[in-house]
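Asker: The structure follows.
Since every read-out is calculated from the coordinates, none of them should be taken as a lab result. No experiment lies behind these values; they were computed from the predicted model shown. Note: ideal-geometry Cβ built from the backbone for every residue, glycine included; neighbour counts use all protein chains shown.
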Amino acid sequence: MTDLSKMRQEYGERSLDISDMAPDWVTQLHGWLAYARENEVDEPNAMVVSTVNARSEPSLRTVLLKYLDPSGLVFFTNYRSRKGRDIEANANVSALFGWYSLHRQVIVAGRAEKIPPAESNDYFRTRPYGAQLGAHASQQSQVIAGREELLHQRDAAAQKYRDDIPRPAHWGGIRIVPSSVEFWQGRADRLHDRIRYRLDGNAWRLERLAP
Ligand SMILES: Cc1cc2nc3c(=O)[nH]c(=O)nc-3n(C[C@H](O)[C@H](O)[C@H](O)COP(=O)(O)O)c2cc1C
């Protein structure tokens, strides 16, 4: 058995100070995403999104960040999935990028909202044919009898739509509109750097948190 209690790495080659931070969270996050990509982090735009359902039960899953601008972080999903239903009941969400090879983590907290249908259409059109069919085939998060059922639905969608596949109305983008974005950089002796952008009324504040 692996002794997890002895698994420990020292961090330290990078640091973070309020004076290093971009004037806004979105520029800072773009910079860190670009750095993660340059440094060959696998799936640098993958983020773990947490939601809370109507019974206050939390759940998590990984999704891919597809658009990032001052209005928020957009990912695409099935609106009838577990996460989709959770968000209908409770818009409060959190998202985490874990770039462990860089000893970096970013945590976003905010509210989720559906993006306008026209924007979801635009993105859906850019998806590969197979992924477009997949959006029709999968009743995401539902129990299914077997993989055959999925393949059958996929073939049925291919028969129905041929080459011009419309976006399913239940599939589209979700924007996380942040109220805080924390950048974490691992440092020596567990004295890590944590700098957070936090929305205070209409103004964004930058503050350092104890590690
Ligand atoms: C690297 C990675 C990327 C993923 N990207 C997405 C995504 O962009 N959208 C999505 O709906 N599911 C994505 N998934 C699958 C989700 O993690 C999850 O299984 C699915 O969305 C159902 O989640 P739910 O039942 O909590 O709603 C991804 C999984 C992984 C591991």
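Asker: Going by what's in this entry, would Pro58 be described as in contact with a strand residue (DSSP E or B) (Cβ under 7 Å, 6 or more places away or on another chain) and of a type outside the set (Val, Ile, Thr)?
Answerer: Answer is yes for this residue.
Asker: When the residues of the range 10-58 are filtered to those that are of a type in the set (Val, Ile, Thr) and closer than 13 Å to Phe183 by Cα, which remaining residue is surrounded by the most Cβ atoms within 10 Å (Cβ to Cβ)?
Answerer: Val26
Asker: Pairs needed: first member in the range 187-199, in a loop (DSSP other than H, G, I, E, B); second member anywhere, surrounded by fewer than 17 Cβ atoms within 10 Å (Cβ to Cβ) and of a type in the set (Ser, Thr, Tyr); C-beta distance under 8 Å; at least 6 residues apart or different chains.
Answerer: If the second residue must be surrounded by fewer than 17 Cβ atoms within 10 Å (Cβ to Cβ) and of a type in the set (Ser, Thr, Tyr), the pairs left are Arg187/Ser15.
Asker: Of all residues in the range 59-71, which are more than 7 Å from the ligand (Cβ to nearest atom), surrounded by 14 or more Cβ atoms within 10 Å (Cβ to Cβ) and either at positive phi or free of Cβ contacts under 8 Å to residues at least 40 places away in the same chain (or both)?
Answerer: Passing the criteria: only Leu65.
Asker: Is it the case that the range 113-124 has a residue that's assigned to a strand (DSSP E or B), in contact (Cβ under 8 Å) with a residue 12 or more places away in the chain and either surrounded by fewer than 17 Cβ atoms within 10 Å (Cβ to Cβ) or touching a Lys or Arg at 6+ places or on another chain (Cβ under 9 Å) (or both)? Please lay out each step first, then the result.
Answerer: Taking the range 113-124 and keeping what is assigned to a strand (DSSP E or B), we get 113-114.
With in contact (Cβ under 8 Å) with a residue 12 or more places away in the chain added as a condition, the list becomes 113-114.
Still in the running and either surrounded by fewer than 17 Cβ atoms within 10 Å (Cβ to Cβ) or touching a Lys or Arg at 6+ places or on another chain (Cβ under 9 Å) (or both): 113-114.
Looking through the range 113-124, at least one residue is assigned to a strand (DSSP E or B), in contact (Cβ under 8 Å) with a residue 12 or more places away in the chain and either surrounded by fewer than 17 Cβ atoms within 10 Å (Cβ to Cβ) or touching a Lys or Arg at 6+ places or on another chain (Cβ under 9 Å) (or both).
Asker: Then there is this: Scan the range 30-58 for residues that are among the acidic types (Asp, Glu) and more than 10 Å from the ligand (Cβ to nearest atom) and jot them down.
Answerer: Glu38, Glu40, Glu57, listed by residue number.
Asker: Further, regarding this structure: Keeping to the range 85-106, report how many residues are outside any strand (DSSP E or B) and free of Cβ contacts under 8 Å to residues at least 60 places away in the same chain.
Answerer: Qualifying residue count for the region: 7.
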